[in-house]
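Engineer: Starting off with a structure, shown below.
The values are calculated or read from the model by the stated rules, or taken from the named source; none is laboratory data. Here the structure is a predicted model, which means the values were calculated and not measured. Don't worry about glycine lacking a Cβ; one is built from the backbone with ideal geometry, like all the others, and counts go over all protein chains shown. Side chains are part of the model used for accessible areas, which takes the heavy atoms of the whole protein and leaves out ligands, DNA and RNA. Shrake-Rupley method; radii C 1.70, N 1.55, O 1.52, S 1.80 Å.
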Amino acid sequence: MDKSLHETGESLIQNPGLGQLTRRGFIAASAATLASCKASSTISTDPTAAVKTPSNKDYRTPSVQGSALRNQAGNHPSNFSKSAGVTFSRVQVSGNYIAITFDDGPHPRNTPRLLDMLAKRNIKATFYVIGRSVDLHPGVLRRTVAEGHEIGNHSHTHRLLSKLGDTEVRKEMQRCQDAVGRAAGVRPRTMRPPYGGLLQRQRKLIHDEFDYPTILWSVDPLDWKRPGSSVVASRILSATTAGGIVLAHDLHSQTVDAMPATLDGLLRRGFKFVTVSQLIAMKTDTAAQASVTRTQ
Ligand code: NI
C-alpha cells in the first residue's frame, strides 16, 4: 500500500517487456491493470494510427495522509561566491532558515520514501550521495534532482579521505561527480567528507580544484547508531537553530521513519528549509549586520 509509485515505475523500466507501457505513462497503473494491458493484442502496429488509451478504472489515487504543514521558503538564489568560505558547519543568516541534509544514498527504498515526505511538505533538501551508489541506483538520483533537491559530493567509495593522498582524494571527488553527471546531468554544488574527516589542506585543494566548499553540520542526531525514530526526531528538534545544517542519513529506514515528526516539528517552530547552497548564498556579513543594528 505504501509502496511508492516511483518504485513501481522503476521496476517497470527494468522490465523490457513493459518498456513501451512505461513510456506511455502507465507508471501509476496497478499490477492487475498492467497484467490486462500486457495480455491485450489490440494495439496497432501502424505508426500513423492514433494511440488508444486503455481505461484504467481500477487505479485509485493513494490517499494523502499526514501533515498539512508546508514549507514557505520562496525561490532563493543558490549561487554563492567562492570567497564565501572553505568550510561551513552552519551559516550566519538573517531569518529562520535551515538546511536539512541526507548522506550515504541513494537507497532504492528509503530515498523514494523520504522524497514523498519532502514533496508533501514542499521541502527541498540536500543529498550527499556516494558515487558508487549513484551508479547502482541512477533512477533514484534522477527523481531526486527532478523534484528540486540539491546534490552534494560524498566521495565515490566513502573512504576516510584524511588518510588518502591527493591523487586518491581527487579521484574520489571526480568519480562521484562523474556518476552524478551521468545519472542526472547535474554537478554537485558542495562536498561533505565521509565521517567528517578532511584535513584543512585537503579542504583547500578540493575548494581550489572542484569549487566545492566542505560542508559539515551543526546538528547531529547520531541516527546511524539507530537510537529509534522518536529519539532521532527529538534530538534534531532540540538542537536546531537558525542558520543550522542538520545531518541525517537516508540510508537508514529508522531515520526516514523519524522524518514526518521531525519535519513537521521544525515547520511548526517557524523554520524555513532551503538547500545548502541557498543557505550559503544568504550568508550575511556579521560586521555589516552589527553596524546596521547599531544605526537603527
Ligand atoms: Ni557518510
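Engineer: How many residues does the stretch 270-284 contain that are more than 16 Å from the chain's Cα centre (by Cα) and closer than 13 Å to Ala73 by Cα?
Structural biologist: Final tally of qualifying residues: 4.
Engineer: For Pro188, state whether it is open to solvent by less than 10 Å² (accessible area, probe 1.4 Å), assigned to a loop (DSSP other than H, G, I, E, B) and either assigned by TED's automatic domain parsing to the domain that holds Val145 or β-branched (Val, Ile, Thr) (or both).
Structural biologist: Criteria met by Pro188.
Engineer: Output the number of residues of the stretch 116-128 satisfying the condition of being buried (at least 23 other Cβ atoms within 10 Å of the Cβ) and not in a loop (DSSP other than H, G, I, E, B).
Structural biologist: 3
Engineer: Report yes if Ile206 is part of a helix (DSSP H, G or I), free of Cβ contacts under 8 Å to residues at least 40 places away in the same chain, in contact with a strand residue (DSSP E or B) (Cβ under 8 Å, 6 or more places away or on another chain) and under 26 Å from Gln72 (Cβ atoms), otherwise no.
Structural biologist: In short, no.
Engineer: For the stretch 250-269, check the following and say yes or no: at least one residue is at positive phi, more than 16 Å from the chain's Cα centre (by Cα), away from the ligand (no atom under 16 Å from the Cβ) and assigned by TED's automatic domain parsing to the domain that holds Asp103.
Structural biologist: No, there is no match, as no residue in the stretch 250-269 is at positive phi, more than 16 Å from the chain's Cα centre (by Cα), away from the ligand (no atom under 16 Å from the Cβ) and assigned by TED's automatic domain parsing to the domain that holds Asp103.
Engineer: Inside the stretch 73-88, can you point out the residues that are in a loop (DSSP other than H, G, I, E, B) and within 23 Å of Gly148 (Cα to Cα)?
Structural biologist: Ala73, Gly74, Asn75, His76, Pro77, Ser78, Asn79, Phe80, Ser81
Engineer: May I pose another question? State the number of residues belonging to the stretch 109-133 that are within 16 Å of the ligand (Cβ to nearest atom) and in contact with a Gly (Cβ under 9 Å, 6 or more places away or on another chain).
Structural biologist: Residues in the stretch 109-133 being within 16 Å of the ligand (Cβ to nearest atom) and in contact with a Gly (Cβ under 9 Å, 6 or more places away or on another chain): 8 in total.
Engineer: Taking only pairs six or more apart or across chains, which ones have beta-carbon atoms under 7 Å, a first residue in the stretch 237-252 that is surrounded by fewer than 18 Cβ atoms within 10 Å (Cβ to Cβ), and a second residue that is modelled with pLDDT of 95 or more and part of a strand (DSSP E or B)?
Structural biologist: As it stands, the answer is Ala239/Val219; Ala242/Tyr97; Ala242/Ile98, since those pairs meet every condition given.
Engineer: Being in a helix (DSSP H, G or I), in contact (Cβ under 8 Å) with a residue 40 or more places away in the chain and away from the ligand (no atom under 14 Å from the Cβ) is the requirement here; does Val169 meet it?
Structural biologist: no
Engineer: Something else about it: Just to check your reading of the model, which residue among Ser277, Ser291, Ser238, Ser234 is modelled with pLDDT under 95 and not in a loop (DSSP other than H, G, I, E, B)? Lay out the reasoning, then the answer.
Structural biologist: Numbers: Ser277 fails: modelled with pLDDT under 95; Ser238 fails: modelled with pLDDT under 95; Ser234 fails: modelled with pLDDT under 95.
Step by step, each of Ser277, Ser291, Ser238, Ser234 is checked, and only Ser291 is modelled with pLDDT under 95 and not in a loop (DSSP other than H, G, I, E, B).
Engineer: With (1) among the aliphatic types (A, V, I, L, M); (2) touching a Pro at 6+ places or on another chain (Cβ under 7 Å); (3) assigned to a loop (DSSP other than H, G, I, E, B) as the list, and Leu198 as the residue in question, which single condition is left unmet?
Structural biologist: Among (1) among the aliphatic types (A, V, I, L, M); (2) touching a Pro at 6+ places or on another chain (Cβ under 7 Å); (3) assigned to a loop (DSSP other than H, G, I, E, B), Leu198 violates only (2).
Engineer: Kindly establish whether Thr101 is surrounded by 19 or more Cβ atoms within 10 Å (Cβ to Cβ), among the β-branched types (Val, Ile, Thr) and assigned to a strand (DSSP E or B).
Structural biologist: Taking the combined requirement at face value, the residue satisfies it.
Engineer: Additional query: Against the conditions (1) touching a Gly at 6+ places or on another chain (Cβ under 9 Å); (2) in contact (Cβ under 8 Å) with a residue 40 or more places away in the chain; (3) over 21 Å from Arg113 (Cβ atoms), where does Val186 fall short? Just the number, please.
Structural biologist: Going through (1) touching a Gly at 6+ places or on another chain (Cβ under 9 Å); (2) in contact (Cβ under 8 Å) with a residue 40 or more places away in the chain; (3) over 21 Å from Arg113 (Cβ atoms) one by one, Val186 breaks only (1).
Engineer: Determine, yes or no, whether Trp217 is assigned by TED's automatic domain parsing to the domain that holds Ala248, assigned to a helix (DSSP H, G or I) and open to solvent by 50 Å² or more (accessible area, probe 1.4 Å). Lay out the reasoning, then the answer.
Structural biologist: Details: assigned by TED's automatic domain parsing to the domain that holds Ala248: yes; assigned to a helix (DSSP H, G or I): no; open to solvent by 50 Å² or more (accessible area, probe 1.4 Å): yes.
No: the conditions fail for Trp217.
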